[in-house]
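Right, one structure below, let's go through it.
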Amino acid sequence: MQKRILVVDDEPLILKSIEKALSKIGYEVRTAENREEFLKELESGRFSLLIFDLHMPDITRDEIVETSKKYNPEIKFMVVSGSEESAGFHFIRKPFRIDDLRQSVRDLLND
């Protein structure tokens with residue numbers, strides 16, 4: 001079964017880049033640009049991985065993590081941020097190389 005990834009970021013270019021990069025290597029990728037889209041996507045089914053930006057205008061890191069775990073306690077998380085690392089989460093700094101992103105996702109999902 002194809003692994004599903006949800007990407008949450010308020011930058012459309014980042015969403016499109018990640019979606020394209022990960023779809024090309026076989027993942028089903030869904031995106032959310034805000035809190036409303038994030039909640040709608042979570043209701044659409046289980047995700048193996050959630051990739052998110054730390055700095056969203058309408059939702060906090062804690063809300064993203066807690067809400068995601070309610071839908072799927074086994075979900076894994078990856079933070080993509082241009083500013084700061086987030087303790088306890090796999091982290092990739094913006095800007096990132098597509099190959100580095102792909103390898104990090106494969107490693108995190110044991111693919």
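The values are calculated or read from the model by the stated rules, or taken from the named source; none is laboratory data. The shown structure was predicted, so the numbers you read here are calculated from the model rather than taken from an experiment. So basically every Cβ, Gly included, is an ideal-geometry build from the backbone, and we count neighbours across all protein chains shown.
Is it true that Ile64 is in contact with a strand residue (DSSP E or B) (Cβ under 6 Å, 6 or more places away or on another chain), of a type outside the set (Ser, Thr, Tyr), at pLDDT 95 or above and under 19 Å from Asp107 (Cβ atoms)? Taking the combined requirement at face value, the residue does not satisfy it.
Of the residues in region 40-61, at least one is in contact with a strand residue (DSSP E or B) (Cβ under 8 Å, 6 or more places away or on another chain) and on the phi > 0 side of the Ramachandran plot. Per the conditions (1) more than 13 Å from the chain's Cα centre (by Cα); (2) closer than 20 Å to Asp111 by Cβ; (3) at pLDDT 95 or above, the sole criterion not satisfied by Ile51 is (1). Restricting to region 95-109, and then to whatever is surrounded by 12 or more Cβ atoms within 10 Å (Cβ to Cβ) and outside any helix (DSSP H, G or I), can you tell me which residue is nearest to the chain's Cα centre (by Cα)? Result: Leu109. Screening region 1-94 for helices (runs of 4 or more DSSP H) wholly inside it with 3 or more residues that are among the hydrophobic types (A, V, I, L, M, F, W, C) and crowded, with 18+ Cβ neighbours inside 10 Å returns the ranges 12-23. A search for C-beta distances below 9 Å between a residue of region 46-69 that is over 12 Å from Phe89 (Cα atoms) and any residue that is surrounded by fewer than 20 Cβ atoms within 10 Å (Cβ to Cβ) and among the small types (Gly, Ala, Ser), counting only pairs 6+ apart in sequence or on different chains, returns His55/Ser81; His55/Gly82; His55/Ser83.
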